[in-house]
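Read the structure below first, then the notes.
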Number of protein chains: 2
Amino acid sequence: MGAVERRARQREEVRSQIVDAARDIVVNEGYHALTMRRIAEAVEYSPAAIYQYFQNRDAIAVAVTSEGFVQLLHAFAPSRSLDNPRARLEAIARAYVDFGLTNPQTYRLMFMEDPEITRALLAQPDRNDPGTQAYLAIVEPIALLAQQGAIDARDDASVRAIADTLWVTVHGIVSLKLTCPTFPETPVDVLIASAMRTFFEGILKR
Amino acid sequence: MGAVERRARQREEVRSQIVDAARDIVVNEGYHALTMRRIAEAVEYSPAAIYQYFQNRDAIAVAVTSEGFVQLLHAFAPSRSLDNPRARLEAIARAYVDFGLTNPQTYRLMFMEDPEITRALLAQPDRNDPGTQAYLAIVEPIALLAQQGAIDARDDASVRAIADTLWVTVHGIVSLKLTCPTFPETPVDVLIASAMRTFFEGILKR
DNA sequence: GTCTATAGGCTGATAGAC
DNA sequence: GTCTATCAGCCTATAGAC
């Protein structure tokens, strides 16, 4: 026993060192700085060696982005204990914006940079990937509100339309602030409060 | 008369040929393809000659982006004839999303790529640049609604907070669709209808 | 003003030795 | 598996001839 498993383990070890190094480069210098040479330098291998572990640079970028979705899902964890669906949604929305603003380069990679990378992780029908899980964390409380009759949403598509409305709002806050930090001038906490208030006033029946 | 003015005119002519070529490259291939060599090839000059007209590549990118803001402002023009502030806002919001989706590479350059380029055009106190004009096109109808007592907005900052809420919403729709064209699945016309309905239900007093 | 030539970098990816 | 060496490009920007 052992030799095969040990080698597989060592291989995984090196792979994760590569992804760790790549993540550090992206976080500190942005996606544009993610080159095979820089990664190789960081893990103290030759650039050629990296290709034994990843087919190309894109595959490494996808691995880093995938980690980002895991982190985002983790950022949602505390909110999930809230029973009240509105409170949960609001906590998730704030966690989302907070995640994006505190991990700007990761967020850019996940949602603003290369559609191919984003598609590789979000466009799959697989309902167990972290990206879809994060999405469902938004959909579920909305479905609950619909069930309770608190909002108007006859079918599944209507529930998802409202969830997507919330998603584009928080994504809009993050992505605009990342590219235009000073204009518009509304501070981000005021902006998110206004957006949340407007959203709930807009969807809740009265 | 003549010699000095003619040279200035010719100079402007070449400058605008350069910007036109740069815009075509961005529109057809994206910002990453905007290189001095490609621009020079398109205008049939040597790369070195371009530096007689622009200090560097960034200055050309700023000029292209600036044109984008002019185009955006033009896209708003038809909406401005609408007297009803809500109808005007809704028309502007739809024009905004339409502009972003039909000019994806220009939109990326304006709002999703390089914060330096965006700042060069948006962060100035100058209230006459097209970017600020476009922003004011959103602020004004909101101020009107506030004046009419249709919404709750005591002061200027509150008006701007609501305007910014609308802006991040439409920006969120465009920028998410540009990077994730297929996920979320809500079609863009349904999404914008939901977002507009939610926004107005959310801000209008009843 | 415009050119050629070039400095001085950078990139992803691969062949072939060990 | 890992290396060195290299292919085959790409880039911005400038010096200096004309």
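Values quoted throughout were computed directly from the atomic coordinates according to the rules given, and no laboratory measurement underlies them. The model shown is predicted, which means the values in this text are computed figures rather than measured ones. Methodologically, a virtual Cβ is constructed for each residue, glycine included, from the backbone with ideal geometry; neighbour enumeration extends over all protein chains shown.
By its C-alpha gyration tensor, with a ≥ b ≥ c as the square roots of the eigenvalues, how is the stretch B:64-203 shaped: rounded for a/c under 1.5, else prolate for a/b larger than b/c, else oblate? All intermediate terms of the calculation are to be shown ahead of the outcome.
Details: a/c = 1.73, a/b = 1.17, b/c = 1.49.
Judged from the Cα gyration tensor, the stretch B:64-203 comes out oblate (a/c at least 1.5, b/c at or above a/b).
Obtain the nm distance between the two label points defined at A:Leu101 and B:Val70 by a simple spin-label model: each point lies 7 Å from its Cα along the Cα-to-C-beta direction.
With each label placed 7 Å out from Cα toward Cβ, I get 3.6 nm.
At a Cα cut-off below 22 Å, give the lysines reachable from A:Lys177, other chains included and same-chain residues fewer than 8 away excluded.
Leaving aside lysines fewer than 8 places away in the same chain, those within reach of A:Lys177 are B:Lys177.
For chain A, modelled as a Gaussian network with Cα springs under 10 Å, which listed residue fluctuates most, A:Leu191, A:Leu122, A:Leu73?
A:Leu191
Treat every Asp and Glu Cβ in the protein assembly as shown as -1 and every Lys and Arg Cβ as +1, leave all other atoms uncharged, and give the resulting dipole magnitude about the Cα centre to the nearest 20 debye.
It comes to approximately 260 debye.
If I model a spin label as a point 7 Å beyond the Cα along the Cα-Cβ vector, how far apart are those points for A:Ala77 and A:Arg127 in nm?
My value for the distance between the label points is 2.4 nm.
So if I take the centroid of the Cα atoms in the stretch B:81-121 and the same for the stretch A:83-128, what is the distance between those two points in Å?
A separation of 23 Å, based on Cα centres.
Work out from phi, with θ = phi - 60° and the Karplus expression 6.51 cos²θ - 1.76 cosθ + 1.60, the ³J(HN,Hα) of each residue of the stretch A:189-198, listed in order in whole Hz, and give x for Gly and Pro.
6, 5, 4, 5, 4, 4, 5, 5, 4, 4
Which distances, shortest first and in nm, link A:Ala33 to the matching position in the other copies, using label points set 7 Å out along Cα to C-beta?
2.9
What's log10 of I(q)/I(0) for the protein assembly as shown at q = 0.13, 0.14 Å⁻¹, Debye sum over Cα points only, no solvent?
The Debye formula, applied to the Cα set alone, gives -1.16, -1.29.
Where a Cα-Cα gap under 17 Å defines reach, which lysines qualify for A:Lys205, not counting those fewer than 8 residues away within the same chain?
B:Lys205
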